[in-house]
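Peer 1: A single structure is presented below for examination.
The values are calculated or read from the model by the stated rules, or taken from the named source; none is laboratory data. Everything numeric here is computed off the predicted structure, so don't read it as measured data. For neighbour counting, all protein chains shown are included, and Cβ atoms are generated from backbone atoms with ideal geometry for every residue, glycine included. Accessible surface is based on the protein model in full, side chains and every heavy atom, while ligands, DNA and RNA are left aside. Shrake-Rupley method; radii C 1.70, N 1.55, O 1.52, S 1.80 Å.
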Amino acid sequence: MVRSWLISVTTCLLSIPLVAQEPARPPVTGRWDLAIMTTEGRRAPSWLEVYWSGNRVLVGQFVGVVGSVRPISRLGFTNDTLRFSLPPQWEGGNGDFQFAGAFAGDTLAGSVMTPDGTQLAWSAHRAPSLERRGPVQWGRAVTLFNGTDVAGWHAVGGGGTNQWKAVAGVLTNTQRGGNLVTDGTYRDFKLHLEFRYPPSGNSGVYLRGRYEAQIEDSTGRETSTGGLGAIYGFLIPNENAAKGAGEWQTYDVTLIGRMVTIVLNGHEVICRANIPGTTGGALDSDEEKPGPIMLQGDHGPVEYRNIVLTPAR
């Protein structure tokens with residue numbers, strides 16, 4: 001009995017220092033919606049996630065103004081300052097991004113040295129959960145493209161070049177130019193549209209202007225986060241349901257908060273999956289706000305028709 005008691009006491013005593021040595025989780029962990037101030041004074045959207053690897057190393061992932069999500073092998077957090085670096089992806093220059101930002105509750109603010117040596121200011125706020133409570137009730141379906149002109153839409157980017165026009169009931173982007181954005185904004189919705197691209201075609205449908213449902217000539221390819229049916233960089237479709245280039249195809253997308261379901265050509269390729277954050281090429285990083293539908297036109301020719309949105313009430 002005495003021996004058992006001693007073993008028990010010894011075990012408890014040995015466990016106390018181990019618990020005491022468990023480091024506190026840094027308050028900077030979580031997801032952040034960033035905005036980088038460009039040299040032209042524009043707030044360019046980005047995204048950051050910071051989390052523990054094990055119990056003493058901060059790691060993360062980052063989405064820049066362009067491109068897909070990329071890993072961050074280590075972040076430092078001392079004296080309420082977050083620091084990290086990562087190599088370029090599609091950006092010009094040969095150096096690494098060098099971020100430093102002061103943490104204050106639900107905000108971060110600091111500067112970044114870009115791969116080409118430019119220093120820019122940036123700020124961030126905690127990304128919202130976007131969780132919707134209660135059942136969804138659907139409103140009346142709205143036709144976003146009237147088949148005759150681009151009323152209700154406006155072009156952005158592409159050097160101010162708008163290549164979009166209505167041709168025989170089809171919304172047509174004839175060559176690389178601006179992206180097309182709805183004048184209206186939406187929060188939760190169901191979206192139906194049909195699209196067609198040429199060989200090697202590349203476009204995308206930005207949900208709320210922030211999350212790209214990828215459109216790309218993916219016939220015969222392995223599924224990936226960059227292929228047709230994916231949420232670019234984040235969510236991979238469970239099968240390749242692509243038809244060939246030159247054929248009309250359909251997207252039926254349901255977005256509730258962060259939860260997305262994508263039906264491609266009648267195949268449910270993503271089912272009720274959560275989108276972690278904004279994808280490259282987003283209009284903004286204000287995830288807490290409703291946003292428009294944006295059709296990507298800066299990669300080349302593409303066609304759309306029968307664009308119908310049903311908003312949630």
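Peer 1: When residues of segment 201-223 are filtered for being free of Cβ contacts under 8 Å to residues at least 60 places away in the same chain and in a loop (DSSP other than H, G, I, E, B), how many remain? First the steps, then the outcome.
Peer 2: Narrowing segment 201-223 to residues free of Cβ contacts under 8 Å to residues at least 60 places away in the same chain: 213-214, 216-223.
Add one more test, that the residue is in a loop (DSSP other than H, G, I, E, B), and what stays is 217-223.
The number of residues fulfilling the criteria is 7.
Peer 1: Let me ask something else. Residues that are open to solvent by 50 Å² or more (accessible area, probe 1.4 Å) and free of Cβ contacts under 8 Å to residues at least 60 places away in the same chain: does segment 275-289 have at least one?
Peer 2: Within segment 275-289, none of the residues are open to solvent by 50 Å² or more (accessible area, probe 1.4 Å) and free of Cβ contacts under 8 Å to residues at least 60 places away in the same chain.
Peer 1: Going by the structure shown, is V112 closer than 21 Å to L235 by Cβ, crowded, with 16+ Cβ neighbours inside 10 Å and in contact with a strand residue (DSSP E or B) (Cβ under 6 Å, 6 or more places away or on another chain)?
Peer 2: No; evaluated as a whole, the condition is false for this residue.
Peer 1: Something else: Tally the residues that are in contact with a helix residue (DSSP H, G or I) (Cβ under 9 Å, 6 or more places away or on another chain), open to solvent by 10 Å² or more (accessible area, probe 1.4 Å) and modelled with pLDDT under 95, restricting the search to segment 167-195. Step through it out loud before you land on a result.
Peer 2: Applying the first criterion (in contact with a helix residue (DSSP H, G or I) (Cβ under 9 Å, 6 or more places away or on another chain)) to segment 167-195 yields 176-179.
From the residues that got through so far, the ones that are open to solvent by 10 Å² or more (accessible area, probe 1.4 Å) too are 176, 179.
Checking which are modelled with pLDDT under 95 leaves us with 176.
The number of residues fulfilling the criteria is 1.
Peer 1: Additional query: May I ask you to list pairs of residues, at least six apart or on different chains, whose Cβ atoms are under 6 Å apart, with the first in segment 124-145 being among the basic types (K, R) and the second being part of a loop (DSSP other than H, G, I, E, B) and open to solvent by less than 30 Å² (accessible area, probe 1.4 Å)?
Peer 2: Matching pairs, first to second residue: R132/G257.
Peer 1: Now, a different point. Looking at (1) open to solvent by less than 70 Å² (accessible area, probe 1.4 Å); (2) within 25 Å of the chain's Cα centre (by Cα); (3) closer than 23 Å to R42 by Cβ, can you tell me which one Q163 breaks?
Peer 2: Status for Q163: all satisfied but (2).
Peer 1: Every residue in segment 224-241 that is touching a residue at least 24 places away in the same chain (Cβ under 8 Å), over 19 Å from G280 (Cβ atoms) and open to solvent by 30 Å² or more (accessible area, probe 1.4 Å), please.
Peer 2: Answer for segment 224-241, where residues must be touching a residue at least 24 places away in the same chain (Cβ under 8 Å), over 19 Å from G280 (Cβ atoms) and open to solvent by 30 Å² or more (accessible area, probe 1.4 Å): N238, E239.
Peer 1: Would you list the strands (runs of 3 or more DSSP E) that sit entirely within segment 242-313 and hold 1 or more residues that are out of contact with any strand residue (DSSP E or B) (no Cβ under 9 Å at 6 or more places or on another chain) and at pLDDT 95 or above?
Peer 2: Ranges flagged: 267-274.
Peer 1: (1) under 30 Å from I307 (Cβ atoms); (2) open to solvent by less than 40 Å² (accessible area, probe 1.4 Å); (3) among the small types (G, A, S); (4) part of a strand (DSSP E or B): which one isn't true of A155, the others all being true?
Peer 2: Evaluating A155 over (1) under 30 Å from I307 (Cβ atoms); (2) open to solvent by less than 40 Å² (accessible area, probe 1.4 Å); (3) among the small types (G, A, S); (4) part of a strand (DSSP E or B) leaves (2) as the failure.
Peer 1: Can you tell me which of V57, V63 is surrounded by 15 or more Cβ atoms within 10 Å (Cβ to Cβ) and either in contact with a helix residue (DSSP H, G or I) (Cβ under 8 Å, 6 or more places away or on another chain) or under 21 Å from P276 (Cβ atoms) (or both)? Even if it seems obvious, please write down each step before you answer.
Peer 2: Values: V57 fails: surrounded by 15 or more Cβ atoms within 10 Å (Cβ to Cβ).
Every option except V63 fails the conditions.
Peer 1: Identify, from the list P135, P198, the residue that is modelled with pLDDT under 95 and over 22 Å from P45 (Cβ atoms). So that I can check it myself, show each step before the final result.
Peer 2: Working: P198 fails: modelled with pLDDT under 95.
Unique residue meeting the criteria: P135.
Peer 1: Do any residues in segment 52-78 that are at positive phi have Cβ atoms under 8 Å from those of residues that are open to solvent by less than 50 Å² (accessible area, probe 1.4 Å) and in a loop (DSSP other than H, G, I, E, B), where the two are at least six apart or on different chains, and which pairs are they?
Peer 2: Close Cβ pairs satisfying both conditions: G67/E91; G67/G233; G67/G280.
Peer 1: Across segment 116-152, what is the total count of residues that are under 25 Å from Y51 (Cβ atoms), in a loop (DSSP other than H, G, I, E, B) and open to solvent by less than 50 Å² (accessible area, probe 1.4 Å)?
Peer 2: 3
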